[in-house]
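The values are calculated or read from the model by the stated rules, or taken from the named source; none is laboratory data. Just so you know, these numbers come straight off a predicted model, no measurement behind them. So basically every Cβ, Gly included, is an ideal-geometry build from the backbone, and we count neighbours across all protein chains shown.
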Amino acid sequence: MALKVVEEWFNACAGCEMSILNTGENLVDLLSELEFIHMPFLVDHKYYGKTGEDSQLEIPEADVAIVSGGVRTQQQKEILQQIRQKCKTLVALGTCAINGGIPALANMWKREEILNSIYASSLPTEVPAWLDRVYAIDEVAKVDIYIPGCPPHPQNITEAINALLKGELWSLPERSVCDSCPTRREKKASSGTTKRFFENLTFSPEEPMDTMRCVMEQGFICLGPVTRAGCRGDSDAPRCIRARVGCRGCFGPIRKGAKPMVDMMSAWSSIGLSPQGVPDRRALLNRFIGAHNNLRPLPKR
Amino acid sequence: MAKTLTIEPITRITGHAKIVVDLDDNGNVADAKIVTTSMRGFEQFCIGRPAEEIPRIANRICGISSWDNHLASNKAIDKICGVTLPPAGEKLRRLMQHLTWIANKTLHFYFLIAPDYMIGPEAESRNVFTIFKSNPELGTKVIKMRQLAAMLVEHFSGKVIHPMAAVPGGFSKPMIESEREEILKGAEELLEFAKFSMELAKTEMLSKYMDFIEQIGVINTGFLGSITDDGSWEIYDGKLRLMKADGNCEDFSCEQYTDYIDQHIEPWTYSKFPYVKNWGEFGLQSDNSSIYRAGALARINVCEKMATPLAQAELEEFRDKFSRPCQYTMLYPYASLIEMLANTEQALALLNDTEITDENVRVPVEAKAGHGVGCVESIQGTLIHDYETDKDGFVTKTNIILGATHNTAAMNLSLKQTAQTLIKEGKYDQGSINRLEMVIRAYNPSFQD
């Protein structure tokens, strides 16, 4: 019998759902074994019945729930709590669900500051209210499987679903992006200061990836040392490195509870690079992980 | 007795929204609204970030139109830095945009709206999985074709969702000959798929649902879209054109958008309501003259011609049948497929241009105080990223209007017209309720500011 799946998105962008579709031919194979019974992006199940007359919000019972996005509104929190009650296994899909993601940069401001700035004096009042900040899924409900990434790699999604079909859990190994990066390292930066990305890296486009010198050693910002590997899939390099740009940490920290801010300082100093030239360090190193109180409003100076 | 229907979530769209229909004591529609139920606040949290990092943050506005947001963001910063891109840098950006549009138009037509037409508006189960079960050959084809377009972008640029390969001043890497050949081969396949989709839309939509198209969601508005200097359909650059409902046009540069467009706010939705301030005062009545629409139908209306032969032939056929401007909301998806033909033709032209493999793809930029407006078309409509920076190149002010947001007022009007047409004396069922959503789906909305 097909595995019943509930899929829901919260403070997200649809990129995680697009990544499910990017499993491509694997999706064709998986479709016979999965039944999506609630998935706002593709399927018509409604919270209040087909004609919108029910008074209670209803999420169907399922074997697995896959949720993307952090929790921004009170309504999202209630939906998530009901999903947890109705579904046996809860999968947090993508970095927003796991760590708040880019939208949790909002946690650098008080809720009212943001709303007032965007709507000036005409604040919408008859809408689902914002919570005080953006929460990760596991701050509201127990999570069984984490599939990180912004977006997650389709290969990881396929692996996790195949594990679920066998009744097993799945997790990404705790390795760094650098561990999966083929670029050439000499353990020493080419100059002492970090440069902003105002010019391209030095590389030969016709040559294999392992002929290019490490992005950090070229003096540019790369968060590979403090970011979990997994974006590479079967390709020859992590995604950003394939594009010849530095990593920005979209798979989140290598392990739960890691402190990228501290670990990155030592990564820079180990190759003789001064972090002084790195602009906006707090937001950069917490760009994808603003939930769990990693980002909060600072007192006004 | 008066009552309220709450259709939530609106499904097979992007973002978070619900339909609220108020019925009076006689069961007739007193009011119908689309409520956007969430908002994230990108305009705020881009402030304080280094300008060169914004294209890697603002791309997260939408996981579907992430390349469009990425490009509009880069263009705003190009302008702040005062740079002119090397030709290959601009051509690579354009190529990525065309290819992602093919993937995303396939998504919209086949995954989001086709179930309503091919399975039927009243069917119990209307979704891409049902299409897949009833017609596995077609289902497999569309899954593979969307995947092909997406992976051509991913293999070359690293990421199709939330990209980083466009950079202020150009592109992060040149295209080598073997990459060009691979993408060219794929693009040729996609051209055949675009032709196939156009014909399918004619048999499955136009020939079967013309009454529906003529009656449902029809409103009278102006239109906004991008065009080249000679008036051709354009999605990456050019000037903006506003066309009134009577067909009169006014063209302006994207920097001038605030001279024309203002935004209204209502207390019951997170979405703002852009309107043309020089056309009249904003109001949510069907005869309000300040309301305009953006997206596929708008672009097809405002352009004088398509720049490529197959798309031009389709445009001529479209105008013969539906005149210009065409106000039929339900023809948005059809207009979108004419554009998909143009995307494949223009992608092929770029790939056959030897300059695309030139190694010079970026000019260096520097931190600068300034003001830049970057516009591109996203599938949903004209995307406007407006930033100001300080002398260290940090963002101090933003205004971002998403493509779909231009249609907030128009979608509400289309919904109300449809609800009042279909729901009378308390009679409605899941088929009529689904038709309310079909009108909204036609716009390809994205409720996520």
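Tabulated data for the structure shown
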| quantity | calculated |
| --- | --- |
| Qualifying position, being surrounded by 14 or more Cβ atoms within 10 Å (Cβ to Cβ), part of a loop (DSSP other than H, G, I, E, B) and either touching a helix residue (DSSP H, G or I) at 6+ places or on another chain (Cβ under 6 Å) or of a type outside the set (D, E, K, R) (or both), among A:Ala237, A:Ala163 | A:Ala237 |
| Some residue of region B:108-119 being at the interface with another protein chain (Cβ under 8 Å from one of its Cβ atoms) and not β-branched (Val, Ile, Thr) | yes |
| Given (1) within 14 Å of chain B (Cβ to nearest Cβ); (2) closer than 12 Å to A:Met216 by Cα, number of the condition A:Cys250 does not satisfy | (2) |
| Strands (runs of 3 or more DSSP E) fully within region B:196-310 counting 2 or more residues that are closer than 27 Å to A:Glu126 by Cα | B:261-264, B:273-276 |
| Flag if B:Thr308 is of a type in the set (Val, Ile, Thr), out of contact with any Asp or Glu (no Cβ under 7 Å at 6 or more places or on another chain) and more than 16 Å from B:Leu240 (Cα to Cα) | no |
| Region A:180-212: number of residues that are among the charged types (D, E, K, R), in contact with a Pro (Cβ under 9 Å, 6 or more places away or on another chain) and in a loop (DSSP other than H, G, I, E, B) | 2 |
| Selection status of A:Val278, crowded, with 19+ Cβ neighbours inside 10 Å and farther than 13 Å from A:Cys181 by Cα | yes |
| Enumeration of residues in region B:89-131 that are among the aliphatic types (A, V, I, L, M), surrounded by fewer than 21 Cβ atoms within 10 Å (Cβ to Cβ) and in contact (Cβ under 8 Å) with a residue 12 or more places away in the chain | B:Met118, B:Ile119, B:Ile131 |
| Identity of the residue in region A:176-194, touching a strand residue (DSSP E or B) at 6+ places or on another chain (Cβ under 8 Å) and surrounded by 14 or more Cβ atoms within 10 Å (Cβ to Cβ), that ends up nearest to B:Glu179 (Cα to Cα) | A:Thr183 |
| Residue check for A:Asp144: under 30 Å from A:Ser235 (Cβ atoms), of a type in the set (Asp, Glu) and not assigned by TED's automatic domain parsing to the domain that holds A:Ala12 | no |
| Single condition B:Ile61 does not satisfy, out of (1) out of contact with any Lys or Arg (no Cβ under 9 Å at 6 or more places or on another chain); (2) among the β-branched types (Val, Ile, Thr); (3) within 8 Å of another protein chain (Cβ to nearest Cβ) | (1) |
| Tally of residues being acidic (Asp, Glu) and either within 17 Å of the chain's Cα centre (by Cα) or crowded, with 19+ Cβ neighbours inside 10 Å (or both) across region A:116-156 | 3 |
| Test result for A:Ser266, within 14 Å of chain B (Cβ to nearest Cβ), surrounded by fewer than 20 Cβ atoms within 10 Å (Cβ to Cβ) and free of Cβ contacts under 8 Å to residues at least 12 places away in the same chain | no |
| Residue within region B:132-140 that is surrounded by fewer than 23 Cβ atoms within 10 Å (Cβ to Cβ), not in a helix (DSSP H, G or I) and not hydroxyl-bearing (Ser, Thr, Tyr) present | yes |
| Test: residue in region B:108-121 that is assigned to a helix (DSSP H, G or I) and among the small types (Gly, Ala, Ser) | yes |
| Residue, surrounded by the fewest Cβ atoms within 10 Å (Cβ to Cβ), within region B:45-72, restricted to residues that are of a type in the set (A, V, I, L, M) and closer than 20 Å to A:Leu284 by Cβ | B:Ile47 |
| Failed item in (1) surrounded by fewer than 21 Cβ atoms within 10 Å (Cβ to Cβ); (2) at the interface with chain A (Cβ under 10 Å from one of its Cβ atoms); (3) closer than 22 Å to B:Ser378 by Cα; (4) not aromatic (Phe, Trp, Tyr), with B:Lys79 passing the rest | (2) |
| Unique match (being acidic (Asp, Glu) and over 29 Å from B:Asn127 (Cβ atoms)) among B:Glu437, B:Glu425, B:Glu377 | B:Glu425 |
| Qualifying residue in region B:179-192 (condition: at the interface with chain A (Cβ under 9 Å from one of its Cβ atoms) and buried (at least 23 other Cβ atoms within 10 Å of the Cβ)) | no |
| Sole residue being within 14 Å of another protein chain (Cβ to nearest Cβ) and free of Cβ contacts under 8 Å to residues at least 60 places away in the same chain, chosen from A:Val127, A:Val177 | A:Val127 |
| Selected residue (criterion: surrounded by the fewest Cβ atoms within 10 Å (Cβ to Cβ)) from residues of region B:147-159 that are more than 7 Å from chain A (Cβ to nearest Cβ) and either more than 20 Å from B:Arg60 (Cα to Cα) or of a type outside the set (Asp, Glu) (or both) | B:His155 |
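Conditions (1) more than 10 Å from chain A (Cβ to nearest Cβ); (2) modelled with pLDDT of 95 or more; (3) closer than 20 Å to A:Lys46 by Cβ, marked per residue:
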position	(1), (2), (3)
B:His406	yes, yes, no
B:Leu415	yes, yes, yes
B:Leu422	yes, yes, yes
B:Lys427	yes, yes, yes
B:Gln430	no, no, yes
